[in-house]
Amino acid sequence: MKGLILVGGYGTRLRPLTLTQPKPLVEFANRPMILHQIEALANAGVTDIVLAVNYRPEVMVETLQKYEKEYGVSITFSVETEPLGTAGPLKLAEKILKKDNSPFFVLNSDVICEYPFKELADFHNAHGGKGTIVATKVDEPSKYGVIVHDIQTPNLIDRFVEKPVEFVGNRINAGLYILNPEVIDLIEMKPTSIEKETFPILVEQKSLYSFDLEGFWMDVGQPKDFLAGTVLYLSSVAKKNEEKLAKGSNIVGNVIVDPTAKISPSAKIGPNVTIGPNCVIGDGARIERSVILANSTVKEHSLVKSTIIGWNSTVGRWCRLEGVTVLGDDVEVKDEIYINGGKVLPHKSISTNVPQEAIIM
């Protein structure tokens, strides 16, 4: 089987982290974001994976070669010279996706969930249509494009309604699909939207179905959702596999800590925290609902809450970081500083308070 991951461009929504690393290599729960997807595809029997990119593929090559060996997959870069939207990349990768008659998976690189690829393939093959969209239920469908089903045929999509004023359903497109190779014939080699241009044709042909996603789902492409997705992911890990989670008298709730991290016994960690390799957490520090990336230090008695601390950064003593603060690579926060919602670019030193949302350049 085959899979295509829509990686896209600059990862602007996740800056300042993506000023240092391409978004697919930013660690989510201490593993590069894209590794969660590659592993799930490989586990479902996918052997050919295409990454549709238009920014810095050379940075990813070395890392991904390692995963090719580890998971027994072939990873190919399909590089766009101009952004081709969400359907154009399928046309660009036509040779690989149409190399045999088996259907192929398409997924957005920002999506984190319990990827149900085996079940999705079984469901798709059983209904006999040309495409299947994974659907997730939401509490407020009025914010999204909603899937409306055919009355007679279960799971057959009748239409999409963009941001409905009246309730027509609560299932939305989760950004994961399985398609037959013939769908590529509907796409032209130009910037094209799979959602707005390709799917409506399949709906007209009565050949597009939806598959309900169980469990959590989150698009983690921006900091607040990255943190919310971390909470959901940790909760899912807790239900399935307690061994991954940290234990200890100073650990509260669901926490993942790399074995190389050094945490003071008097620090309090959690709930909903991931701490990366070679991090150091000082005496009396308090960390909750936050992500600390590799080689970073939080010194004594600082509070870090709803914050992403980028690689190689240092938070001084008696600091308070909150409000979806994001530190880029190699940032130093001096002692006794308050940051509320600051986005700090790489290689900066912060010596004055940032009391409200701001980009620190």
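The values are calculated or read from the model by the stated rules, or taken from the named source; none is laboratory data. Just so we're clear, the structure is a prediction, and the values are computed from it rather than from any experiment. When we count neighbours, we look across all protein chains shown, and the Cβ atoms used for this are built from the backbone with ideal geometry, even at glycine.
Picking from residues in region 296-310 that are part of a loop (DSSP other than H, G, I, E, B) and touching a strand residue (DSSP E or B) at 6+ places or on another chain (Cβ under 9 Å), the one that is nearest to Ala228 (Cα to Cα) is Ser306. Among the residues of region 263-280, those identified as out of contact with any helix residue (DSSP H, G or I) (no Cβ under 7 Å at 6 or more places or on another chain), under 14 Å from Leu234 (Cβ atoms) and modelled with pLDDT of 95 or more are Ile269, Pro271, Val273, Ile275. Looking at region 97-152, which of the residues that are polar (S, T, N, Q) and farther than 21 Å from Ser207 by Cβ is farthest from the chain's Cα centre (by Cα)? Looking at residues that are polar (S, T, N, Q) and farther than 21 Å from Ser207 by Cβ, I get Ser142. Here is the figure for region 229-269: residues that are part of a loop (DSSP other than H, G, I, E, B) and closer than 23 Å to His36 by Cα total 9.
Between Glu39, Glu70, Glu58, the distinction of being modelled with pLDDT of 85 or more, more than 22 Å from His124 (Cβ to Cβ) and assigned to a helix (DSSP H, G or I) belongs to Glu70 only. Evaluation of Ser102 against the conditions (1) touching a Ser or Thr at 6+ places or on another chain (Cβ under 9 Å); (2) over 26 Å from Gly229 (Cβ atoms); (3) outside any helix (DSSP H, G or I); (4) of a type outside the set (D, E, K, R) shows that the sole unmet condition is (1). Is it fair to say Leu245 is touching a residue at least 12 places away in the same chain (Cβ under 8 Å) and surrounded by 16 or more Cβ atoms within 10 Å (Cβ to Cβ)? For Leu245, the condition - touching a residue at least 12 places away in the same chain (Cβ under 8 Å) and surrounded by 16 or more Cβ atoms within 10 Å (Cβ to Cβ) - is not met. Residues considered: Glu195, Glu188, Glu214, Glu182. Of these, the only one that is part of a loop (DSSP other than H, G, I, E, B) and either closer than 26 Å to Leu92 by Cα or not assigned by TED's automatic domain parsing to the domain that holds Gln152 (or both) is Glu188.
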